[in-house]
Amino acid sequence: MPSGLVPTHTELGGATVTDLGMGQYQIVGTASAMQATLDTFAVTPPLHSDDNLTIAVSAATLDADSSTNSVTSNITLRVQAVGR
């Protein structure tokens with residue numbers, strides 16, 4: 001996550017969120033709890049900023065049979081400054 005952004009979230013359904021540093025977060029829990037928690041993530045840009053940015057979101061699963069799967073997508077955030 002680019003510097004200056006202030007991320008917020010709420011842990012729901014028993015999911016836990018760990019700040020891994022360097023703008024990386026890990027969500028652990030059931031699929032529904034992780035989705036509910038991910039849906040609460042928000043970022044606030046630095047004051048007086050209207051710079052658009054792109055963040056990478058990765059998801060990985062570890063299934064009961066020990067198989068894994070992962071996907072990464074880039075998401076462009078468009079920031080619109082609000083005048084006072």
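Every number in this text was worked out from the coordinates using simple rules, so none of it is lab data. Keep in mind it's a predicted model, so treat the numbers as computed, not measured. Cβ sites come from the backbone with ideal geometry, for glycine too, and all protein chains shown count toward neighbours.
Projecting the Cα atoms of GLY29, THR8, ALA60 onto the dipole axis of the chain, where Lys and Arg carry +1 and Asp and Glu carry -1 at the beta carbon, places THR8 farthest toward the positive end.
Net length available on complete extension from THR40 to THR18 is 6.5 nm, with 0.36 nm assigned per residue and the Cα-Cα distance removed.
The string of couplings for segment 53-70 from the Karplus curve (6.51, -1.76, 1.60, θ = phi - 60°) is 8, 10, 10, 9, 10, 10, 10, 9, 10, 10, 8, 4, 8, 6, 7, 10, 8, 8 Hz, one whole number per residue in order, with x for Gly and Pro. Scanning residues 5 or more positions from TYR25 or on other chains, those with amide H under 5 Å from its amide H are LEU20, with H placed 1.01 Å from N in the peptide plane. For the chain, the dipole from Cβ point charges (+1 on Lys and Arg, -1 on Asp and Glu) about the Cα centre works out to 300 debye, to the nearest 20.
Remark on THR40: its backbone amide H falls under 5 Å from those of THR10, a criterion applied only to residues 5 or more positions apart or on other chains, H modelled at 1.01 Å from N. Residue by residue, segment 14-29 carries 3J(HN,Hα) couplings of x, 5, 10, 10, 10, 7, 8, x, 6, x, 10, 10, 10, 10, 10, x Hz when phi is fed to the Karplus relation 6.51 cos²θ - 1.76 cosθ + 1.60 (θ = phi - 60°); x denotes Gly or Pro. Using 0.36 nm per residue and subtracting the Cα-Cα separation, the extra length available between ALA59 and SER73 on full extension is 4.2 nm.
Highest mean packing comes first when the peptides 63-75, 31-43 are listed by Cβ atoms within 10 Å, giving 31-43, 63-75.
In the chain, the DSSP-assigned H stretches of four residues or longer account for a calculated mean residue ellipticity at 222 nm of -2500 deg cm²/dmol, using -39500 (n - 2.57) per stretch and the full residue count as denominator. Counted residue by residue at 0.36 nm each, then reduced by the alpha carbon distance between them, the extension gain from VAL28 to ASP50 reaches 4.7 nm.
Using only the alpha-carbon atoms of the chain as identical scatterers, what base-10 log of I(q)/I(0) does the Debye formula give at q = 0.14, 0.15 Å⁻¹? Per q value, in the given order, log10 I(q)/I(0) is -0.57, -0.64.
Residues whose amide H lies under 5 Å from that of VAL79, counting only those 5 or more places away or on a different chain, are ASN52, LEU53; hydrogens are built 1.01 Å from N in the peptide plane.
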